[in-house]
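S.K.: Sending over a structure as structure tokens; questions will come in a sec.
The values are calculated or read from the model by the stated rules, or taken from the named source; none is laboratory data. Predicted model, so just to flag it, every value in this text is computed and none were measured. Neighbour counts run over all protein chains shown; Cβ positions are idealised from the backbone, glycine included.
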Amino acid sequence: MATTFPKIQSRPDFVDEVYKMLLDAISDGTLAPGTRLTQEEIAEQMNVSRSPVIQALRILKKDGFVQDAPGRGVLVTPLDAVSIGHLYEIRGSLDALAARLAAKRHFKLDPKIIANGRRATQGKDVKAMIDADMEFHHAIYRAAGNPFLEQSAQNYWVHLRRAMGAVLQSSAQQRKTIWDEHEAIAEAIAAGDAARAAELTDLHTTRARENLTSRLDEYLGDTRQTA
């Protein structure tokens with residue numbers, strides 16, 4: 001495992017922090033699919049005991065982010081373009097519903113969210129790009145006024161982050177297009193045009209799914225060739 005984690009300051013319970021740190025590294029591609037992880041190495045790098053690491057890895061395994069490795073330790077679970085496509089089918093329905101409900105409330109998105117997203121796409125920090133994208137969509141989930149909608153969305157976003165991290169390193173033009181689409185959706189919602197907001201959201205999700213799965217296929221092909 002080539003990744004170096006920062007040390008965690010002493011506290012009684014580190015499970016959540018270890019889990020989040022590992023999940024972020026898996027999501028943004030720092031820990032690539034197939035990377036072997038061992039309890040001892042993670043514990044040493046993070047300056048914690050093995051107990052919270054074991055518990056964090058157990059949760060990651062239950063959530064499907066790591067799997068047992070031959071011999072010792074675990075492996076970061078390989079990405080699967082087909083599964084990501086299935087997740088996007090669910091996301092499309094929920095996102096369109098959220099946009100429609102938010103539009104009925106004439107929700108006005110904070111302009112800083114769009115500005116921060118465009119700024120993130122100009123850099124190389126993949127985590128910042130993913131966080132900005134999630135901030136936009138989660139703002140709309142909250143604006144929909146249905147708390148169960150955002151809770152449901154959490155189930156697929158944790159997995160979509162992985163695919164996004166694998167492909168966001170390329171295509172600066174595609175990054176710009178994403179935020180152009182986001183801005184158009186936000187304008188339709190603010191105008192109270194529920195049908196238009198849902199239509200634009202559905203188109204945005206369809207394009208995102210097609211782009212992500214095609215680029216993911218290319219990415220997986222490259223990783224198999226270099227393995």
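S.K.: Answer yes or no: is there a residue in the range 37-44 that is farther than 22 Å from P6 by Cα, out of contact with any helix residue (DSSP H, G or I) (no Cβ under 7 Å at 6 or more places or on another chain) and in contact (Cβ under 8 Å) with a residue 12 or more places away in the chain.
M.R.: no
S.K.: Still on this structure: Picking from A115, A120, which residue would you name as being of a type in the set (A, V, I, L, M, F, W, C), surrounded by fewer than 17 Cβ atoms within 10 Å (Cβ to Cβ) and either in contact with a His (Cβ under 9 Å, 6 or more places away or on another chain) or more than 19 Å from D193 (Cβ to Cβ) (or both)?
M.R.: Going through A115, A120 in turn, the sole match is A115.
S.K.: Further question on the same structure: Against the conditions (1) in contact with a helix residue (DSSP H, G or I) (Cβ under 7 Å, 6 or more places away or on another chain); (2) surrounded by 14 or more Cβ atoms within 10 Å (Cβ to Cβ), where does H106 fall short? Just the number, please.
M.R.: (2)
Okay, residues lined up against (1) modelled with pLDDT under 95; (2) closer than 20 Å to T30 by Cα; (3) buried (at least 19 other Cβ atoms within 10 Å of the Cβ); (4) among the hydroxyl-bearing types (S, T, Y):
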residue	(1), (2), (3), (4)
F148	yes, no, no, no
L160	yes, yes, yes, no
A163	yes, yes, yes, no
Q169	yes, yes, no, no
A184	no, no, no, no
A191	no, no, no, no
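S.K.: Among the residues in the range 127-143, are any surrounded by fewer than 14 Cβ atoms within 10 Å (Cβ to Cβ), out of contact with any Pro (no Cβ under 9 Å at 6 or more places or on another chain) and of a type outside the set (A, V, I, L, M, F, W, C)?
M.R.: Within the range 127-143, none of the residues are surrounded by fewer than 14 Cβ atoms within 10 Å (Cβ to Cβ), out of contact with any Pro (no Cβ under 9 Å at 6 or more places or on another chain) and of a type outside the set (A, V, I, L, M, F, W, C).
S.K.: Quick test for you: out of R91, R36, R50, pick the one residue that is modelled with pLDDT of 90 or more and under 29 Å from T206 (Cα atoms).
M.R.: Going through R91, R36, R50 in turn, just one is modelled with pLDDT of 90 or more and under 29 Å from T206 (Cα atoms): R91.
S.K.: Another question about this same structure. Being more than 15 Å from the chain's Cα centre (by Cα) and either in contact (Cβ under 8 Å) with a residue 12 or more places away in the chain or not assigned by TED's automatic domain parsing to the domain that holds M21 (or both) is the filter here; which residues of the range 61-76 pass it? Walk me through how you get there before you give the answer.
M.R.: Residues of the range 61-76 that are more than 15 Å from the chain's Cα centre (by Cα), as a first pass: 61-62, 66-76.
Matches in the range 61-76: K61, V66, A69, R72, G73, V74, L75, V76.
S.K.: In the range 193-223, how many residues are at pLDDT 85 or above and either in a helix (DSSP H, G or I) or surrounded by fewer than 16 Cβ atoms within 10 Å (Cβ to Cβ) (or both)? Spell out how you get there, then give the answer.
M.R.: Start the filter on the range 193-223 by keeping residues that are at pLDDT 85 or above, which leaves 193-210.
After this cut, where a residue has to be either in a helix (DSSP H, G or I) or surrounded by fewer than 16 Cβ atoms within 10 Å (Cβ to Cβ) (or both) as well, the list is 194-210.
So the answer is 17.
S.K.: Name the single residue that is farthest from F148 (Cα to Cα) among those in the range 90-100 being surrounded by fewer than 18 Cβ atoms within 10 Å (Cβ to Cβ) and touching a residue at least 12 places away in the same chain (Cβ under 8 Å). Walk me through it before giving the result.
M.R.: Of all residues in the range 90-100, those surrounded by fewer than 18 Cβ atoms within 10 Å (Cβ to Cβ) come to 90, 93, 97.
Applying the additional criterion that residues be touching a residue at least 12 places away in the same chain (Cβ under 8 Å) yields 90, 97.
Working: I90: 14, L97: 12 Å.
Among those that are surrounded by fewer than 18 Cβ atoms within 10 Å (Cβ to Cβ) and touching a residue at least 12 places away in the same chain (Cβ under 8 Å), it is I90.
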